[in-house]
Every structure is written in structure tokens, then in C-alpha cells.
Amino acid sequence: MTESPKTTLLTLLLALKQLETPLTADEQARLKTVGEQLELDPDDWDYIKEGLMAVIENNPSLNQFYQTAKAQLDAIDGKIPPELLPTEQELEAQLPADEKQRLVKRGYFEGEAERESNEIQNVSTNVLKKDSDKTAKKLPSLDRVQVSIEKPKS
């Protein structure tokens, strides 16, 4: 089974949130490039994922947190209640004032309720384009998601 972009991006955000050692300048630059690619052409997922995985796999600590978060998400089939996901307001609160105008928002509106919006992609794009590890740590919604996936099933 192929992992969805949503699951991969959420897994990365959770791993960045837990990362104790800051990313190197090179890793930050590579994630920023990936964030820009995600913003410009989110449909080119295979190429984008290749760049993400290169950064993850070359950082043992990040890779360990990524694999742990992936296993936890796989255990719940990647089903996260929407109310636990980062909100636009939370993201805006963590960005400098001059960046607020450039928030990327993708989604489907105007009565097309059968399609889901891309909250995770929106947040991921903006986090990756900043100091990824520091920005991820500031998002309280990632704490909610982490607690949700760590709960044992009854």
C-alpha cells in the first residue's frame, strides 16, 4: 500500500516536533526547497516525496522519530479527527507579521463537500518553508495529534 501525501507530511511534522537536535542549515535549505515545490506543484508528489525522504533518511534522529510516528499513524490507519489538525489561526500565530500575507491555502470549497481540504498540506508547506523544526515545535495542534495517536486502542 502506498502511503498518502497527507500521511507522509503529517508524519514528518510529528517527527520535526519531537526532534531534539536542530536541523543543519543544509537540511533546512533542502526542506525549504521541498516546501516551495509542494506549494508550486503539489501534484508532483513522487518527486516531492523523494526530496523529503532524502532529508529524513540522512538524519538518523529525524528518521527514528519519523519511523515511530509512521508506525503510530499506521496503527490507526492515518485517521486523525479534523479538530486535532493545525488550524489556520494557529499557523498564523506562529509566523512573523510580514509572512502572514503569504500563507498558502489549498482546499476545495463552494459546495464540493465530498472532497476534503488539504489542512496538512497547507501547514506542511508553510512549516517547510520556515525553520522547519522550530516552527513545528510551536504548533500546539501537533501535540493534540501526538496524544491521539499514542493512546492505546481499547
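The values are calculated or read from the model by the stated rules, or taken from the named source; none is laboratory data. All values reported here derive from a predicted model rather than from experimental measurement. Please note: Cβ atoms are built from the backbone with ideal geometry, for glycine as well, and neighbour counts cover all protein chains shown.
Could you run through region 25-57 and say how many residues are touching a residue at least 24 places away in the same chain (Cβ under 8 Å) and either out of contact with any helix residue (DSSP H, G or I) (no Cβ under 7 Å at 6 or more places or on another chain) or among the small types (Gly, Ala, Ser) (or both)?
Number of matching residues: 3.
Residues are listed down the side, and each one gets a yes or a no for (1) more than 12 Å from the chain's Cα centre (by Cα); (2) β-branched (Val, Ile, Thr); (3) at pLDDT below 75; (4) within 18 Å of residue 68 (Cβ to Cβ):
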{"site": "137", "(1), (2), (3), (4)": "no, no, no, yes"}
{"site": "141", "(1), (2), (3), (4)": "no, no, no, no"}
{"site": "148", "(1), (2), (3), (4)": "yes, no, no, yes"}
{"site": "153", "(1), (2), (3), (4)": "yes, no, yes, yes"}
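Mind telling me which of the residues 32, 70 ends up being basic (Lys, Arg) and within 25 Å of residue 150 (Cα to Cα)? Working first, answer last.
Numbers: 32 fails: within 25 Å of residue 150 (Cα to Cα).
Of the residues listed, the single one that is basic (Lys, Arg) and within 25 Å of residue 150 (Cα to Cα) is 70.
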